[in-house]
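Student: The structure follows.
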Amino acid sequence: MTTGLDASLRRGEALLHEDLITPLHHHDEAHNRLLATVGGDTRVVTPAQATDLVSTLRPTRRIDDPGVEHTPDGPRFGRRGLFRGSLIGLGGLLAASAAPRYSFAATTGGDLLVCVFLRGGFDGLAALGMPGDPRYAQLRGSAKVVDDSFTLSPKYVLNPRFAALKPLWQANQLAVVLGSGHPGVTRSHFEDQDLCERAARANVRSGWLGRHIQYSSRPSGTFRAITMGDQRVVLSLTTTAYQSVAMSSVDSFDLETAWNDRDRLVTDLGRLYGDAGGVLATQARATLDAVTSLDTVRSRAYTPANGAAYPDSTWGEGLRDIARLAKADLGLEVACIDYGGWDMHQGIGATSDAGGQFSARATDFARGLAAFATDLGSRWNSVTVVTMSEFGRRVEVNGDGGTDHGHGNVAFYLGGGINGGVYGDIEGLADDQLTDGDLPITIDYRQALSEILAKRLGNDNIADVFPGFSPGTALGIA
């Protein structure tokens, strides 16, 4: 009978054959996948099928050296011992709070792109008020935005809980895109998050940012793409061509071993993978270099610059760490960070209620981004922040004081190179101006993203990043 540990080790062996087996990690861990590639054909397989495939094609290539050799200088680890005693390997090195797939390529040369996924379905009309529309107050009830202290145009006001972003708006560094979304939206959290992060037909097993990395032409470097605040690489960054890092925080990103002998572990990893040669040796060197680089970053106490005050929240801490990495000059090009909790079917709260569900999150969100921009100082001129969400909410507040799943949404684009302003329009809120009671999607979210990738990140391969999508008339957002 195969034990759980043996099964895990066998799966680990399969994953060492990166040219055959590739793991794809999803935000929802239950939907992680393994891809097998044989003869140019790629398909989803189970761990058992992956093991059988590798055993059949490469029966003599196994991890069969001794687990631990005890020497006068302490334990010396064989490859199997490394799997047993540490969170290591499976095609790279698994560091504490890090995902099993890494990306090591590219130095800076364009903007740092920070992609914020507002998970749960962001309520655009709780963020954006239309006080002049005759039906707005009627449909939104206590969730309406009527305060005009943050006016965007004669037609639109921004919820005052986003007040921390007002200096960026006044500096023309905040763009608000109306009617944004994916035209194939289904109102299902899982399906629409998957749809938005892939930004391609269902049989394309990669994310749009992963393809951006794959089809950009930056020179070689160390860190290129990270998921911050999670232990799994977000689906947007998935690609079989490169590997990207996930970390819950900079300070927690390190090698972890059951033997509490980190230096010996590093030495033996270099020996084992270095002896392997080829891709494994290259990956090991890059990974160990990355861990060493972060050792240097962690060794220096970090104080945000220019008086920046991040909120005391997971969101604030994540942005602080992204700024810390950006200023460490490790070649960071893309950073993904989630902000969840926007699925407010009940009690969204009044704008006047600072402790209301939406108000509290909006305040935290805005203060975090304002601190991020302040902390970066002149670097903010080469940073672009984009937000996305799986769908918007219905226009009318439901009987429980919340809003249900909808279609069109509001997206924010921020940065020193952004052309601030309002993009798109909401014609009105009459029944014949809505899509089944929802805001219509009038701007494909890939339109704005394609402009950001081309203008700010210098990627000319938009057709490869967004297969099947043809950009229309430029919004002029970048």
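Student: Quickly rank 331-343, 415-427 as a protection proxy: mean count of other C-beta atoms within 10 Å, highest first.
Tutor: On the way: 331-343: 22.0, 415-427: 18.7.
The densest-packed peptide leads the list: 331-343, 415-427.
Student: Can you tell me how much longer the chain between residue 46 and residue 137 gets when fully stretched, taken as 0.36 nm per residue apart minus their C-alpha distance, in nm with one decimal?
Tutor: In short, 27.6 nm is gained.
Student: Another one. With a probe of 1.4 Å, find how much accessible area the stretch 324-417 has per residue, and write the answer as a whole number in Å². The partial results should precede the final answer.
Tutor: On the way: 2720 Å² over 94 residues.
Averaged over the residues of the stretch 324-417, the accessible area is 29 Å².
Student: Could I ask something else about it? Cβ neighbours within 10 Å, averaged per peptide: list 393-403, 204-214 in order, most packed at the top.
Tutor: Working: 393-403: 19.6, 204-214: 23.8.
Result, highest mean first: 204-214, 393-403.
Student: Show me the three semi-axes of the equivalent ellipsoid for the stretch 364-476, from the C-alpha gyration tensor (sqrt of 5 times each eigenvalue), largest first, rounded to whole Å.
Tutor: Details: eigenvalues 164, 86, 28 Å².
One finds semi-axes of 29, 21, 12 Å for the stretch 364-476.
Student: Turning to a different aspect of this structure: Over the stretch 291-357, with every protein chain in place, what whole percent of the accessible area is carbon and sulfur at 1.4 Å, could you tell me? Write down the numbers at each step before the final one.
Tutor: Working: 1330 of 2820 Å².
C and S fraction of accessible area: 47 percent.
Student: Looking at the calculated P(r) for the stretch 411-454, what percent of the C-alpha pair distances fall above 17 Å?
Tutor: Values: 422 of 946 pairs.
Within the stretch 411-454, distances greater than 17 Å cover 45 percent of Cα pairs.
Student: Another question, if that's okay. Listed highest first by mean packing, meaning other Cβ atoms within 10 Å per residue, what order do 360-371, 291-302 come in? Numbers along the way, then the final one.
Tutor: Working: 360-371: 22.7, 291-302: 13.3.
With the highest mean Cβ count within 10 Å placed first, the list reads 360-371, 291-302.
The values are calculated or read from the model by the stated rules, or taken from the named source; none is laboratory data. Fair warning: this is a prediction, and the values are worked out from it, not measured in the lab. Glycine gets a Cβ as well: all are built from the backbone with ideal geometry, and neighbour counts include every protein chain shown. Heavy atoms of the whole protein, side chains included, go into the accessibility calculation; ligands, DNA and RNA do not. Shrake-Rupley method; radii C 1.70, N 1.55, O 1.52, S 1.80 Å.
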